[in-house]
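The values are calculated or read from the model by the stated rules, or taken from the named source; none is laboratory data. Small disclaimer: the values here were computed from a predicted structure and weren't measured. Because the Cβ atoms are built from the backbone with ideal geometry, glycine has one as well, and the counts that use them run over all protein chains shown. Areas reflect the complete protein model, heavy atoms only, side chains present, ligands, DNA and RNA absent. Shrake-Rupley method; radii C 1.70, N 1.55, O 1.52, S 1.80 Å.
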Amino acid sequence: MRNKRKNTFYSILRHICYILYGCLLLPQLLLAEVWEDFEYKIIEDSITITKYVGVGGQIIIPKTIEGLSVEHIGDYAFGRSQWGKRMRTSHSTIEFPEGLKTIGKGAFVRCSHLVGELVFPDSLEYVGEEAFFSCNRISGDLILPSEMKEISIRSFSKMTGLNGKLRLPAELEIIRESAFAGNQKLIGNLILPDTIRVLDDSAFSFCSSFTGELHLPDSLEKLGASAFAGCKGFSGSILIPSNIRVLNVGIFASCTGFNGTLKLPNELIEIGDTAFFLCKNLKGELTFPPSLERIGKKAFQDCKSLKGGILFPASVEIIGDSAFKNCRGMDGFIVFKDGLKEIGNMAFANCSSLVGGLDIPVSVDEIGDSAFAYCYKLDGELKIRNVETIIGARAFVNCRGLKI
């Protein structure tokens with residue numbers, strides 16, 4: 001009994017200590033310190049702005065507070081403040097201090113009342129995910145500091161008011177998903193630094209006012225899906241860097257301005273669906289590397305200005321649905337090699353200038369519906385080497401010159 005009372009006593013004492021400790025800590029957790037229009041915290045001898053509590057206008061973030069450097073703007077510091085909600089139709093500008101190192105996730109997300117140019121200090125090292133997402137009234141150039149090595153997901157996406165040039169950091173390595181997507185008024189040449197390794201999905205999709213040639217540095221190891229989709233202002237040729245093994249879905253889809261040739265790397269394995277869909281002004285002949293295994297659906301559909309024939313290496317196993325549909329400028333022979341397994345639906349439909357015969361290897365299991373439909377100028381012998389090959393409906397419809 002005595003031990004039981006003793007244990008109860010210590011249990012109560014322990015709970016009292018927890019309560020007292022919580023009471024001491026509570027003000028620090030709940031009551032942010034305030035300096036003029038900013039709530040802030042002191043973290044490791046520097047200031048983090050946690051919230052803006054002013055009413056807009058000319059917003060100048062201080063260089064120091066209480067003698068300590070302002071080095072960080074916290075997550076959603078402006079983007080979810082009450083000021084942000086009630087000032088959407090007003091005009092405010094923002095000025096960042098030298099010494100600022102980071103801008104947190106969503107710090108200014110959807111701050112559509114911000115106007116003017118963004119001028120970042122040279123000290124800035126990091127801008128978080130969606131930091132300026134949909135700040136659609138900020139205008140002018142976007143010049144990013146040299147200390148930045150990575151551009152975060154959607155950090156500068158849908159800033160539709162940006163109407164100047166984009167200057168990327170000289171030692172930038174990674175551009176994350178949709179980092180600049182939808183900035184349709186950014187102009188001039190896009191210069192990617194020689195240190196860049198990764199361009200993630202939709203990094204520059206629908207940045208349709210970039211002009212000039214696009215140089216892809218040899219340092220690139222990844223080109224994400226739709227990385228440049230809808231960038232119709234680029235011109236010249238496309239040279240894919242040697243480190244790229246996969247051209248992902250839609251990477252250059254609807255890039256209608258490219259008017260030179262396409263050069264693929266020697267160790268390319270796959271060309272994804274819609275990779276060059278509607279690149280209608282690409283010229284010259286296609287040369288596929290001996291490593292290529294798959295050509296995806298609509299990969300070259302509507303590339304109407306490509307010329308010559310197509311020699312498929314023995315490594316190619318799949319030619320996807322509509323892969324070369326409407327490539328009317330191709331005016332040479334098609335050569336398939338043993339190893340090919342599948343020719344997709346409408347793979348060569350409306351390739352109305354292709355000539356010669358067709359020799360379908362024994363390895364082909366299936367020829368899809370309308371695979372060669374309306375290839376009017378095919379005029380040689382049709383050889384299907386495997387009697388068990390499945391031939392789809394209307395596979396050779398209106399191939400009038402083919403001889404069986």
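Run down the lysines and flag those whose C-alpha is under 22 Å from the C-alpha of LYS101, throwing out any fewer than 8 positions away in its chain.
Hits, sequence-local ones excluded: LYS41, LYS51, LYS63, LYS149.
Distance in nm between label sites at SER219 and LYS337, each 7 Å beyond Cα in the beta-carbon direction?
Result for the modelled spin labels: 3.5 nm.
Relative to the longest principal Cα axis of the chain, at what angle does helix 2-30 sit, 0 to 90 degrees, rounded to 10?
80 degrees
If amide hydrogens are placed 1.01 Å from N in the peptide plane, which non-local residues have theirs closer than 5 Å to the one on THR64?
Residues meeting the amide H criterion: VAL70.
Counting only C-alpha contacts under 8 Å and six or more residues apart, can you give the relative contact order of the chain as a whole percent? Don't jump to the answer; show the numbers that get you there.
Numbers: 1316 pairs, mean separation 24.0, N = 404.
Averaging sequence separation for qualifying contacts and normalising by length gives 6 percent for the chain.
Fully extended, how many nm does the chain gain between ASN266 and LYS63 (0.36 nm per residue separation, minus their Cα-Cα distance)?
Length difference between fully extended and current span is 67.9 nm.
Which whole-number value in Å² is the accessible area per residue of the chain, probe 1.4 Å? Please report the intermediate quantities before stating the final value.
Details: 19110 Å² over 404 residues.
Value for the chain: 47 Å² per residue.
When the C-alpha atoms of the chain are aligned to their principal axes, what extent does each axis show, in angstrom, from largest down?
Here the Cα extents, ordered largest to smallest, are 98, 69, 36 Å.
Quick one: accessible surface of GLU293, probe radius 1.4 Å, all protein chains present, in square angstrom to the nearest 10.
About 90 Å², ignoring ligands and nucleic acids.
Please enumerate, by chain and number, the aspartates and glutamates with C-alpha under 13 Å from the C-alpha of LYS403, excluding those fewer than 8 residues away in the same chain.
ASP359, ASP379, GLU381
With all protein chains present, calculate the accessible area of HIS91 using a 1.4 Å probe and round the result to the nearest 10 Å².
For HIS91, solvent-accessible area is about 110 Å².
I'd like the accessible area for ARG394: 1.4 Å probe, protein heavy atoms, all chains in place, Å² to the nearest 10.
Approximately 140 Å² of ARG394 is accessible to the 1.4 Å probe.
Magnitude of the Cβ-charge dipole of region 176-331, K/R +1 and D/E -1, about the Cα centre, nearest 20 debye?
Result for region 176-331 is approximately 520 debye, rounded to the nearest 20.
Ranked by accessible surface with a 1.4 Å probe, highest first, in what order do ILE391, ILE334 come?
Per-residue accessible area, sorted high to low, gives ILE391, ILE334.
Just want to confirm a number: the relative contact order over region 107-214, from Cα pairs under 8 angstrom separated by 6+ residues, in percent. Provide the component values of the computation, followed by the final result.
On the way: 325 pairs, mean separation 23.6, N = 108.
With pairs under 8 Å counted, the relative contact order is 22 percent.
List residues of region 322-358, by number, whose backbone nitrogen lies under 16 Å from a label position 7 Å along Cα→C-beta of LYS383.
Backbone N within reach: 333-340, 356-358.
Got a number for carbon plus sulfur as a percent of region 123-165's accessible area, 1.4 Å probe?
42 percent
What is the percent carbon and sulfur in the accessible area of region 245-400, measuring with a 1.4 Å probe over the protein chains and ignoring ligands? Write out the running numbers ahead of the final one.
Details: 3060 of 6390 Å².
That share works out to 48 percent.
Report, in whole Å, the centroid distance computed from the Cα atoms of region 360-383 and region 169-225.
Cα centroid of region 360-383 versus Cα centroid of region 169-225: 39 Å apart.
Express in nm, to one decimal, how much length is gained between VAL53 and ARG400 on full extension, taking 0.36 nm for each residue of separation and deducting their alpha carbon distance. Present the calculation step by step, with values, prior to reporting the outcome.
Working: separation 347, 0.36 × 347 = 124.92 nm, distance 7.55 nm.
That pair, VAL53 and ARG400, stretches by 117.4 nm at full extension.
Please get the size of the charge dipole for the chain, origin at its Cα centre, with Cβ charges of +1 on Lys and Arg and -1 on Asp and Glu, quoted in debye to the nearest 20.
In total the dipole reaches around 1340 debye.
What residues from region 236-259 fall in the zone where the backbone N is under 16 Å from a label point 7 Å along the Cα-to-C-beta line of ASN189?
236-239
Please give every one of the lysines within straight-line cross-link reach of LYS185, meaning a C-alpha to C-alpha distance under 19 Å, and leave out same-chain neighbours fewer than 8 residues apart.
Partners within reach: LYS158, LYS165, LYS232.
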